[in-house]
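Undergrad: The following block contains the structure, expressed as structure tokens.
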Amino acid sequence: MTQSLLNPIALSPAVQLRNAVALAPMAGMTDAPMRTLAWSFGAGHVVSEMVSAKPELWHTEKSRLRRVGLPEINPNAVQIAGDDPVTMAASAQRLVDHGAQLIDINFGCPAKKVCRRAAGSALLADIDGIARIVAAVAAAVEVPVTVKTRTGLTPEDNAGLAAAVAAEQSGAALVVLHARSRACRFKGVVDYARIRPITKRLAIPVLVNGDIDSGASAQEALAKSGAAGIMVGRGAMGQPWLFAELLGQPVPPLGERVAIMQLHLTMLHDFYGAESGFRIARKHIEAYLQRFSAPALRRDFMQLDGAAAQVNWLLAHAAAIEDKASAHACLSVDRAA
Ligand SMILES: Cc1cc2nc3c(=O)[nH]c(=O)nc-3n(C[C@H](O)[C@H](O)[C@H](O)COP(=O)(O)O)c2cc1C
């Protein structure tokens with residue numbers, strides 16, 4: 001465990017992150033149940049799934065659920081994406097009126113739906129646009145405004161540095177850097193060292209993001225980037241206790257980890273309702289079963305057709321899942337010996 005990860009990060013006189021280990025926003029993944037679990041295992045910062053900056057798109061059930069604030073979490077951070085400073089400022093204001101305690105702006109998403117409207121990481125081609133958006137949002141709200149972006153448009157491009165500087169000068173309180181370019185999307189090797197010029201240049205804190213899934217990768221990311229903290233996305237899927245591990249806290253024993261998977265399942269059913277919940281639960285439970293090294297059981301779980309069937313199946317297979325996971329752990333130890 002890296003001691004500095006325990007340090008709080010101050011974003012304003014009124015708002016601080018309780019430590020330097022954050023859960024990354026992931027659309028379709030970091031919903032209220034996932035954020036609740038990550039927070040309960042010690043994450044110092046969790047960010048909602050991205051919300052469109054256009055309030056006219058907020059009436060859907062999906063959008064409403066994405067904006068749900070969680071009273072136990074502080075700050076309650078909501079991410080927005082868009083390309084128009086005026087609309088984004090108005091949306092930020094509205095979100096703060098509804099309880100958001102931090103606004104994060106997405107300048108990192110490579111998804112076509114976002115980028116076709118020149119939002120997300122497409123704005124790395126328009127640093128003035130980034131400056132205008134951050135300035136407008138920061139002027140509109142009293143809560144901290146943070147920014148999440150990438151190293152550049154291509155692996156050679158330095159737009160991430162320019163974007164981070166522009167964001168700081170326009171009022172951002174923190175920048176998260178995914179150590180990949182937009183062109184790399186989610187693949188290819190992360191290049192933490194490309195973040196070092198950014199951490200050197202900025203006075204505000206920087207979080208490093210990308211492929212962090214263990215104490216070793218966290219240490220490497222911090223050492224190479226010089227960042228104040230880390231943000232973990234896919235590494236936390238199917239193992240929300242990773243935050244405890246990264247913070248040097250005890251990790252629950254195997255039996256408890258299986259029980260946490262069962263708890264996560266019921267949290268999803270409760271949050272979305274049984275009908276949507278059982279479909280949404282598939283990708284989450286799949287991630288756990290993958291980590292428990294139970295691929296055949298994973299296939300069986302994916303065939304289940306309903307919330308009650310999922311709950312009963314997990315109960316009936318808890319012992320088998322534990323067996324698979326402990327057999328795999330023994331095999332790994334044997335191999336290492
Ligand atoms: C399924 C999925 C959804 C994502 N959604 C968002 C999002 O809504 N906003 C955002 O800023 N980044 C989003 N990301 C990017 C992650 O926040 C993170 O930057 C990226 O996955 C790299 O970190 P990791 O290797 O720890 O997962 C998403 C990533 C994934 C895999």
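Undergrad: Residue by residue through the range 62-85, note down the ones that are under 23 Å from Ala10 (Cα atoms) and within 14 Å of the ligand (Cβ to nearest atom).
TA: Step one: list which residues in the range 62-85 are under 23 Å from Ala10 (Cα atoms), which gives 69-80.
Passing the criteria: Ala77, Val78, Gln79, Ile80.
Undergrad: Scan the range 16-54 for residues that are away from the ligand (no atom under 13 Å from the Cβ) and either farther than 20 Å from Val147 by Cα or at pLDDT 80 or above (or both) and report the count.
TA: 14
Undergrad: Does Met88 fit the bill of being in a helix (DSSP H, G or I) and away from the ligand (no atom under 13 Å from the Cβ)? Break it down stepwise before answering.
TA: On the way: in a helix (DSSP H, G or I): yes; away from the ligand (no atom under 13 Å from the Cβ): yes.
Answer is yes for this residue.
Undergrad: Going by the structure shown, is Arg257 buried (at least 20 other Cβ atoms within 10 Å of the Cβ) and basic (Lys, Arg)? Don't jump to the end; show me each part of the working.
TA: Details: buried (at least 20 other Cβ atoms within 10 Å of the Cβ): yes; basic (Lys, Arg): yes.
Taking the combined requirement at face value, the residue satisfies it.
Undergrad: Tell me the residue from Gly233, Gly160, Gly255 that is within 28 Å of Ile280 (Cβ to Cβ) and within 16 Å of the ligand (Cβ to nearest atom), please. Walk me through how you get there before you give the answer.
TA: Details: Gly160 fails: within 28 Å of Ile280 (Cβ to Cβ); Gly255 fails: within 16 Å of the ligand (Cβ to nearest atom).
Step by step, each of Gly233, Gly160, Gly255 is checked, and only Gly233 is within 28 Å of Ile280 (Cβ to Cβ) and within 16 Å of the ligand (Cβ to nearest atom).
Undergrad: Arg234 is checked against (1) surrounded by 17 or more Cβ atoms within 10 Å (Cβ to Cβ); (2) in the same structural domain as Trp39 (by TED's automatic domain parsing); (3) touching a residue at least 40 places away in the same chain (Cβ under 8 Å) and fails just one. What number does that condition carry?
TA: (1)
Undergrad: For Gln239, only one of the following conditions fails: (1) in contact with a Lys or Arg (Cβ under 9 Å, 6 or more places away or on another chain); (2) assigned to a helix (DSSP H, G or I); (3) within 15 Å of the ligand (Cβ to nearest atom). What is its number?
TA: That leaves (2) as the condition not met.
Undergrad: Considering only the range 48-85, state which residues are in a loop (DSSP other than H, G, I, E, B), over 15 Å from Val134 (Cα atoms) and among the hydrophobic types (A, V, I, L, M, F, W, C).
TA: Taking the range 48-85 as the starting set, the residues that turn out to be in a loop (DSSP other than H, G, I, E, B) are 48-50, 53-54, 58-60, 67-76, 82-84.
Next, from what is left, pick out any that are over 15 Å from Val134 (Cα atoms): 48-50, 54, 58-60, 67-76.
Answer for the range 48-85, where residues must be in a loop (DSSP other than H, G, I, E, B), over 15 Å from Val134 (Cα atoms) and among the hydrophobic types (A, V, I, L, M, F, W, C): Met50, Trp58, Val68, Leu70, Ile73.
Undergrad: Next question, about the same structure. Considering (1) within 16 Å of the ligand (Cβ to nearest atom); (2) part of a helix (DSSP H, G or I); (3) among the β-branched types (Val, Ile, Thr); (4) within 21 Å of Ala164 (Cβ to Cβ), say which one Thr199 fails and leave the rest.
TA: Result: Thr199 passes all but (1).
Undergrad: Kindly provide the set of residues from the range 202-221 that are small (Gly, Ala, Ser), within 13 Å of the ligand (Cβ to nearest atom) and not in a helix (DSSP H, G or I), ordered by number. It would help to see each step written out before you state the result.
TA: First, the residues of the range 202-221 that are small (Gly, Ala, Ser): 203, 210, 214-218, 221.
Next, from what is left, pick out any that are within 13 Å of the ligand (Cβ to nearest atom): 210, 214, 217-218, 221.
Scanning the range 202-221 gives Gly210, Ser214.
Undergrad: Name the residues in the range 246-282 that are closer than 14 Å to Leu37 by Cα, within 21 Å of the chain's Cα centre (by Cα) and part of a helix (DSSP H, G or I), would you?
TA: Of everything in the range 246-282, those that are closer than 14 Å to Leu37 by Cα, within 21 Å of the chain's Cα centre (by Cα) and part of a helix (DSSP H, G or I) turn out to be Arg257, Ile260, Met261, Leu263, His264, Leu265, Met267, Leu268, Phe271.
Undergrad: Still on this structure, please answer the following. Does Leu314 fit the bill of being surrounded by 16 or more Cβ atoms within 10 Å (Cβ to Cβ), at pLDDT below 95 and either assigned to a helix (DSSP H, G or I) or touching a helix residue (DSSP H, G or I) at 6+ places or on another chain (Cβ under 8 Å) (or both)? Let's see the steps before the verdict.
TA: Values: surrounded by 16 or more Cβ atoms within 10 Å (Cβ to Cβ): yes; at pLDDT below 95: no; either assigned to a helix (DSSP H, G or I) or touching a helix residue (DSSP H, G or I) at 6+ places or on another chain (Cβ under 8 Å) (or both): yes.
For Leu314, the condition - surrounded by 16 or more Cβ atoms within 10 Å (Cβ to Cβ), at pLDDT below 95 and either assigned to a helix (DSSP H, G or I) or touching a helix residue (DSSP H, G or I) at 6+ places or on another chain (Cβ under 8 Å) (or both) - is not met.
The values are calculated or read from the model by the stated rules, or taken from the named source; none is laboratory data. Just so it is clear, the structure is predicted and the values come from calculations on it, not from any experiment. Heads up, the Cβs are rebuilt from the backbone with ideal geometry, glycines too, and the neighbour counts pull from every protein chain shown.
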